[in-house]
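Q: Here it is: the structure, laid out below.
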Amino acid sequence: MTLAARILCRVVDNFGDAGVCWRFARQLAREHGWRIRLTIDRPELLERLGARPAVDAGRGAIRVERWTADAYLQQCDEDVLVSAFGAEAPPALRAALAGAPPRPLWVQLEYLSAEQWVRSHHGLRSPKPGDGAVEHFYYPGFDPCTGGLLREAGLFAQRDAFAGSREQRSWLAALGVPLAADERLATLFCYPQAPIASWFRLLAAGPRRWRVLVPEGVGDDALDAHFGAVPAVGQVLRDSMLAVQRIPFLPQDDYDRLLWSADLNLVRGEDSWVRAQWAARPFLWQPYRQEDGAHLRKLRAFLHRLDAPGEVDDAMLGWSGDADWPAAWRVFDEHLDALRPAFARWSATLEAQQDLCTRFAAFCLERL
Ligand code: TRH
């Protein structure tokens, strides 16, 4: 049975909230035939991510609408109401959930974490004391007891056909990126707290040649500090063994292609983190910084699951300011080729599990 869902998304910061909601909407429509109404306060972000609601919906349908005044959000005619990342239903819509009507099923889509507690919280229902409305908690995660990870059907086959292909070479050439046997390629998507300046110094000193691709809007202060300039798109700045190339912020599907092309991906937040795992190549993840240090707990929980060699742990902790970064980088860099199989194995382990949208569709059908 195909369903209809309304997804509420309020962008807290950056691209992740919109990025995850768009991916989720697209896959439910395309692969499960759902009719989706995505109500989002900053729909212009979807355009930057390359979203094409009219053509991307496959056998389903996607309508994107701007969340303007709360007043027009009075009721939900769909089967499922998704509050993404804590997006509160406005008062009139919230009142319509009182007494837990059979429809809509009200689901809180939560942030991704590798922590153990996610297993016991996923799927819980919580009746509201005031009016009997019932919310259901859906936690993405890394094992079968959680809500899973967003992964489109056929993604790995696309990746494997692309990597090393002629198409890849011409795609990179169109982006202005040469592939050279004696130069490693990295992509850099991080928060400003990362030790970017220190990394540039380390890379410049060698011993290997690296080309670092930096999307617009990332690392501007560090670029300015190291090179005395913030490069324009397409520009390449050099310092000894290091070349830094500014690239445009790409549509999501092209960003995947980029991750499938690099020797190392530096990613952040939630969605780019997952995409780097699907690339089956070495990556360093920087979690979104939280004042109480919760981001480091999340990082450690993930490293525990990844169970990779110690140099991976040290490098990720160093990149997030919780280990000696220069020392960790030197070791990581030296062992990069040997570390690659560990990342490929991790990707394959996760592939063996059902993806988030398949689990989500079953979760809703069981409860409706
Ligand atoms: O943008 P982010 O920092 O978003 C974060 C996280 O979601 C975090 O969990 C949340 O708490 C915080 O915002 C408020 O990082 P994330 O999650 O990786 O999202 C980036 C999106 O941008 C992702 O969908 C990939 C996409 N992207 C492109 O499409 N093209 C690009 O060139 C790049 C660099 C990213």
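The values are calculated or read from the model by the stated rules, or taken from the named source; none is laboratory data. Treat the numbers as computed from the prediction; the structure is a model and nothing was measured. Positions of Cβ are backbone-derived with ideal geometry, glycine not excepted, and every protein chain shown enters the neighbour counts. For the accessible areas, the whole protein counts, side chains as well, though only heavy atoms, and no ligand, DNA or RNA atoms are used. Shrake-Rupley method; radii C 1.70, N 1.55, O 1.52, S 1.80 Å.
Q: Enumerate the pairs (first residue in region 153-173 and surrounded by 12 or more Cβ atoms within 10 Å (Cβ to Cβ); second residue anywhere and among the polar types (S, T, N, Q)) with beta-carbon separation below 7 Å, excluding pairs fewer than 6 apart on the same chain, so at least 6 apart or on different chains.
A: Listed by first residue and then by second, the contacts come to 162/168; 168/261; 172/261.
Q: In region 301-316, what count of residues is obtained for those that are part of a helix (DSSP H, G or I) and either out of contact with any helix residue (DSSP H, G or I) (no Cβ under 7 Å at 6 or more places or on another chain) or not assigned by TED's automatic domain parsing to the domain that holds residue 259 (or both)?
A: Going through region 301-316 one residue at a time, the tally reaches 5.
Q: All but one of (1) within 13 Å of the ligand (Cβ to nearest atom); (2) not in a helix (DSSP H, G or I) hold for residue 298; state the number of the condition that does not hold.
A: That leaves (2) as the condition not met.
Q: Exactly one of (1) open to solvent by 60 Å² or more (accessible area, probe 1.4 Å); (2) free of Cβ contacts under 8 Å to residues at least 12 places away in the same chain is unmet by residue 240. Its number?
A: (2)
Q: Also, quick follow-up: If you scan region 317-340, which residues turn out to be in a helix (DSSP H, G or I), without any contact (Cβ under 8 Å) to a residue 60 or more places away in the chain and open to solvent by 50 Å² or more (accessible area, probe 1.4 Å)?
A: Scanning region 317-340 gives 331, 334, 335, 337, 338, 340.
Q: Within region 275-293, count every residue that is open to solvent by less than 10 Å² (accessible area, probe 1.4 Å), within 13 Å of the ligand (Cβ to nearest atom) and not in a strand (DSSP E or B).
A: Selection size over region 275-293: 6.
Q: Which condition from (1) near the ligand (Cβ under 10 Å from one of its atoms); (2) open to solvent by 10 Å² or more (accessible area, probe 1.4 Å) is the one that residue 263 breaks?
A: Residue 263 satisfies every listed condition except (1).
Q: Still on this structure, please answer the following. Go through (1) open to solvent by less than 70 Å² (accessible area, probe 1.4 Å); (2) under 30 Å from residue 353 (Cα atoms) for residue 202 and report which single condition fails.
A: Unmet for residue 202, out of (1) open to solvent by less than 70 Å² (accessible area, probe 1.4 Å); (2) under 30 Å from residue 353 (Cα atoms): (2).
Q: Is there any pair linking a residue in region 251-279 that is at positive phi to one that is of a type in the set (Phe, Trp, Tyr) and open to solvent by 10 Å² or more (accessible area, probe 1.4 Å), with Cβ under 9 Å and at least six apart or on different chains, and which?
A: 269/15; 269/189; 269/191; 269/288
Q: Please identify the pairs in which a residue from region 346-368 that is open to solvent by 40 Å² or more (accessible area, probe 1.4 Å) has its Cβ atom under 6 Å from the Cβ atom of a residue that is aliphatic (A, V, I, L, M), counting only partners at least 6 apart or on another chain.
A: 367/105; 368/105
Q: Can you tell me which residue among 176, 228 is on the phi > 0 side of the Ramachandran plot, surrounded by 13 or more Cβ atoms within 10 Å (Cβ to Cβ) and at pLDDT 95 or above?
A: From the options 176, 228, the qualifying one is 176.
Q: OK, next. Among the residues of region 1-17 satisfying the criterion of being of a type outside the set (D, E, K, R) and part of a loop (DSSP other than H, G, I, E, B), which is farthest from the ligand (Cβ to nearest atom)?
A: For region 1-17, the residue satisfying everything is 1.
Q: So which of 65, 88, 110 is under 21 Å from the mean Cα position of the chain (by Cα), closer than 30 Å to residue 287 by Cα and not assigned by TED's automatic domain parsing to the domain that holds residue 287?
A: Of 65, 88, 110, the one residue that is under 21 Å from the mean Cα position of the chain (by Cα), closer than 30 Å to residue 287 by Cα and not assigned by TED's automatic domain parsing to the domain that holds residue 287 is 110.
Q: I need a count of the residues in region 1-17 that are more than 16 Å from residue 251 (Cα to Cα), open to solvent by 10 Å² or more (accessible area, probe 1.4 Å) and not aliphatic (A, V, I, L, M).
A: Matching residues across region 1-17 total 3.
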